[in-house]
Amino acid sequence: MKSDYIIDVNHVFKQFEDGQYALRDVTLHVKKGEFVTILGPSGCGKTTLLRCIAGFQVASEGDILLNGEDVTQMPPHLRPVNTVFQKYALFPHLNVYENVAFGLKLKGVEKSEVERRVKRALKMVAMSDYEFRDVDSLSGGQQQRVAIARAIINEPEVLLLDEPLAALDLKMRKDMQLELKEMHKKLGITFIYVTHDQEEALTLSDRIVVMREGKIQQIGTPTDIYNEPQNCFVADFIGESNILSGTMIRDHRVRFCDKEFDCIDEGFGENTAVDVVIRPEDIYIWRKGDGIVQPEDVDPDDRVPKGNYTKWYGVVESSIFKGVHYEMTVKTANGYEFMVQDYHEFLPGTEVGMLVKPEDIQIMKKEHYIYNYFDGEITKNGKVRFLEADWDVSDEQMAAFQPGDKVRVRVPFRDIDLQDHENEGVLSGEVHFILYKGNHYNLTIRTDEGYDMYVYTNDIWDDGDRVGIVIPKESIILDKVQ
Amino acid sequence: MKNFQKRTNWAWPYIIFLILLVILPLILIGIYAFTDLEGHFTVQNFVQFFSKNEAVNTFIYSIAIALLTTIICLLLGYPAAYIMAMKSFGTPQVMALLFILPMWINFLLRTIATVELFHMLNLPLGEGALLFGMTYDFLPFMIYPIYNTLQKMDKSLLEAARDLGANRRQVFTKVILPLSIPGIYSGIVMVFMPTVSTFAISELLTHNKITLFGSLIQRSFGEGGITMWNYGAALSLIMLIIIGATSFFGQQEEAGENMIR
């Protein structure tokens with residue numbers, strides 16, 4: 001059967017020897033000639049996915065098709081793909097010419113033909129004068145060009161690039177991005193590009209695959225991913241964003257920050273808890289007030305779209321110049337913080353008004369709401385066991401249960417106490433993911449036993465902080481198992 | 001600065017050691033080799049060596065045995081080092097320890113044990129036993145430098161070669177082998193040099209039936225009394241030149257390799 005896609009990744013799982021899953025049910029279809037970027041933080045499985053396509057790793061489950069042909073078990077040297085490695089992996093015992101010619105010589109291509117094609121490939125990457133240089137005498141950028149020439153000379157159907165620009169400095173990286181894009185156009189082959197740099201992904205790709213913890217979070221064009229992130233992780237990872245908890249009142253009407261707004265989203269049902277994403281550059285900001293007009297003030301009518309929009313107000317808390325725009329934090333009277341980007345600066349202390357157009361409000365389904373749920377069991381000594389630890393529970397909660405009973409444990413996000421010292425908690429764990437929700441932090445804590453729990457807090461934590469977990473006994477609610 | 005000055009003073013014991021036990025003996029060997037018993041300059045000692053067929057034959061035989069040992073060590077040691085470095089089985093640390101373990105025991109003890117082993121198995125002592133014993137003694141010196149270069153090699157190079165269409169054999173011949181040449185050279189030098197001058201092992205393992213160049217030197221000094229010292233010094237000098245040439249050759253090659261890197 002001939003597939004429409006050049007690469008099909010179907011329900012691929014990859015489990016390492018230590019039992020950890022690097023990929024969980026990854027499905028991805030890539031069209032011929034597409035530039036697809038796999039984007040995610042380190043450890044999200046993006047490189048593993050690339051290595052499975054290249055053949056350096058074999059998927060534990062699922063299959064990978066190239067041009068409709070199953071290559072899941074095929075060794076890398078037989079696959080019609082070539083890889084550009086993160087650290088170039090140029091052969092130190094060969095010069096530039098020999099490095100580039102390596103693949104062709106293995107195939108037994110005639111010498112004059114090899115020479116012609118090496119020259120062409122080196123010209124393509126603007127390295128024509130370097131043929132007989134030792135690779136170690138080249139700069140990082142030059143080495144990467146040679147690595148690209150070495151890969152494309154074999155005319156692969158798919159070029160795999162594993163963070164090829166990660167080791168270059170910023171300016172070099174920007175230049176190479178443009179060159180890669182140009183090269184992709186000229187060659188017309190499929191590029192699969194792995195990066196953790198969201199800006200790079202937005203700049204280069206036809207489509208972006210956002211990954212986290214071995215799972216695909218969202219696949220879409222750069223504008224889709226940016227404007228319509230499907231969950232908090234994507235919204236937070238790609239660009240800056242204000243993420244707030246809200247309620248979808250009905251279609252096209254959402255409530256957050258204690259105000260109601262028009263929006264264009266629908267199909268969430270009525271009075272549903274949702275997450276709201278607003279990009280900082282989508283917020284209109286102007287000086288609030290009636291009397292004092294200063295010379296540098298701008299007529300708000302010029303800058304604020306006309307119409308019956310919901311406005312809200314706050315005071316500028318901080319302002320940082322970012323080159324093109326100012327990035328300001330505005331705090332509302334009811335305690336919400338908004339990040340706002342604008343070409344005009346509003347000094348700290350300024351009272352400002354804000355509004356956002358309905359189409360710039362992105363609504364996402366809430367993944368978790370108010371409570372953590374765990375399976376538990378009543379122990380003989382009147383405690384409840386869950387998350388592999390024993391917890392004290394209030395007497396009235398306990399009244400309905402006998403030792404040995406299975407229970408459903410409910411713990412509000414808000415009520416979990418995190419301790420600085422991990423040994424002060426009943427359990428210890430690590431801060432795994434942080435989301436600022438305008439007026440509180442939404443943390444994901446991963447316990448040492450590998451369970452996740454969600455915690456709302458006003459305290460500031462860092463990714464990877466070790467914490468002790470305490471749950472006050474009156475906050476543990478027990479329900480009968482149905 | 002004062003501290004630094006003081007610290008350089010710490011090197012003096014070793015410098016004295018070096019002068020007394022390395023430089024001075026070398027000068028003495030040079031003087032003895034080119035003088036006769038009365039202390040007059042002569043090349044007679046060298047003439048004596050080159051005119052004696054037996055001595056020259058011993059010399060050539062010693063080099064041949066050393067070469068053979070080196071080749072056997074290379075053939076046995078390379079695969080061992082390769083397997084350890086590519087961690088195809090077991091933990092590499094444990095494997096490395098197992099290979100290095102024999103070096104913990106004095107080589108004379110090991111040689112005597114080898115002799116006993118041959119007696120126990122009713123195997124004759126002689127050339128075969130000599131090669132076996134020398135290989136056993138010097139194998140770790142071959143394995144270790146090769147293991148080191150292979151282990152330090154960037155494994156993504158192997159993936160790059162695979163990616164460019166090389167099968168497993170081609171990955172080895174086109175990438176692994178050329179990149180491990182510096183290790184092979186060190187291994188060769190480290191095995192060849194001591195085996196050329198060996199004598200105790202050969203005496204024990206051949207029951208004194210086979211005389212190696214090292215034994216020749218040893219006898220000149222040990223059994224010949226003071227009258228043979230000048231001749232012994234000449235022999236030592238010849239051996240020094242041979243060993244010096246091998247290690248110089250090795251270094252040249254390594255320097256060449258480093259330039260390519």
| field | Full-stretch length increase - A:K322, A:I477 - with 0.36 nm per residue and alpha-carbon distance subtracted | value | 51.1 nm
| Positive-end extreme of charge dipole, the protein assembly as shown - chosen from A:A273, A:G108, A:V81 (charges on Cβ) | A:G108
| Cα gyration tensor shape for region B:1-150, rounded if a/c is under 1.5, else prolate or oblate | oblate
| request: Taking amide H positions as placed in the peptide plane 1.01 Å from N, state which residues far from A:Q57 in sequence (5 or more) or on other chains have amide H under 5 Å from it. | output: A:C52
| Quick one: if the Förster radius is 56 Å, what FRET efficiency do A:R116 and A:E240 give, using the C-beta to C-beta distance and rounding to 0.05? | 0.70
| message | Could you list B:T195, A:T203 so that the one with the fewest beta carbons within 10 Å of its beta carbon is first and the one with the most is last? | response | A:T203, B:T195
| Which percent of Cα pairs goes in each bin when the distances of region A:5-227 are cut into 5 angstrom slices starting at zero? | 1, 7, 15, 19, 20, 16, 12, 7, 3, 0, 0
| Per-residue ³J(HN,Hα) for region A:157-167, Karplus 6.51 cos²θ - 1.76 cosθ + 1.60, θ = phi - 60°, Hz, x for Gly and Pro | 7, 10, 9, 9, 10, 9, 6, x, 9, 4, 8
| note | Dividing the mean separation of Cα pairs under 8 Å (6+ apart) by the residue count of region A:5-227 yields a relative contact order in percent of 29
| said: Can you tell me which aspartates and glutamates have their Cα less than 18 Å from the Cα of B:K152? Leave out same-chain residues fewer than eight positions away. | reply: A:D136, B:E254, B:E257
| task | Obtain the radius of gyration and the Kirkwood radius of region A:371-480 from its C-alpha atoms and give Rg over Rh. | result | 0.99
| remark: Once phi for every residue in region B:195-201 is put through the Karplus expression 6.51 cos²θ - 1.76 cosθ + 1.60 (θ = phi - 60°), the whole-Hz ³J(HN,Hα) values, with Gly and Pro written as x, are 6, 4, 9, 5, 9, 4, 4
| field | Selection from A:G239, B:S51, A:F56 lying farthest towards where the dipole of the protein assembly as shown points positive, charges on Cβ | value | B:S51
| query | Is it possible to state the helix-based mean residue ellipticity at 222 nm for chain A, with each DSSP H run of 4+ residues giving -39500 (n - 2.57), the sum divided by total residues, to the nearest 500 deg cm²/dmol? What is it? | reply | -5500 deg cm²/dmol
| query | With the contact rule set at Cα under 8 Å and sequence spacing of 6 or more, what percent relative contact order holds for chain A? | reply | 11
| field | Dipole moment magnitude, nearest 20 debye, the protein assembly as shown about Cα centre, only Lys, Arg, Asp, Glu C-beta charged | value | 3040
| query | Of B:C73, B:A161, B:F172, which is farthest along the charge dipole of region B:68-260 in the positive direction, counting Lys and Arg as +1 and Asp and Glu as -1 at C-beta? | reply | B:A161
| Per q in 0.09, 0.14 1/Å, what log10 I(q)/I(0) does a Debye calculation on the alpha-carbon atoms of chain A return? | -0.81, -1.31
| request: Grab the beta carbon distance between A:S60 and A:I370, set R0 = 22 Å, and tell me the FRET efficiency rounded to 0.05. | output: 0.05
| remark: Within chain B, excluding any GluC sites (Glu not before Pro) found in a DSSP loop (not H, G, I, E or B) and having at most 11 other Cβ atoms within 10 Å, the longest uninterrupted segment runs B:39-222
| Estimated FRET transfer efficiency when R0 is 60 angstrom, pair A:Y21-A:H344 (beta carbons, to 0.05) | 0.80
| query | Which entries of A:K259/A:K366; A:K437/A:K480; A:K383/A:K480 show an alpha-carbon separation above 26 angstrom in the structure shown? | reply | A:K437/A:K480
| Average Cα contact separation per residue, chain B, under 8 Å, 6 or more apart, as relative contact order % | 27
| query | How do A:F85, B:F118 rank when sorted from fewest to most other Cβ atoms within 10 Å of their own Cβ? | reply | B:F118, A:F85
| query | Using the alpha-carbon centroid of each, what span in Å lies between region A:321-371 and region A:200-244? | reply | 20
| query | Where does the charge balance sit around B:T173 when Lys and Arg score +1, Asp and Glu -1, over other residues with C-beta under 15 Å from its C-beta? | reply | +4
| task | In whole angstrom, note down how far apart the Cα centers of region B:7-63 and region B:194-225 are. | result | 17
| query | Which value, in Å³ per residue, describes the convex hull spanned by the Cα atoms of chain B? | reply | 209
| remark: The exposure ranking of A:V426, A:V71, fewest beta-carbon neighbours within 10 Å first, is A:V426, A:V71
| field | Whole-Å distance, taken between Cα centres, linking region A:383-412 and region A:15-51 | value | 40
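Readers should treat all values here as calculations from the given coordinates under stated rules, not as data from a laboratory. Values in this document were obtained by computation on a predicted structure and should not be read as measured data. As a convention, Cβ positions derive from the backbone with ideal geometry for all residues, glycine included, and neighbour counts pool all protein chains shown.
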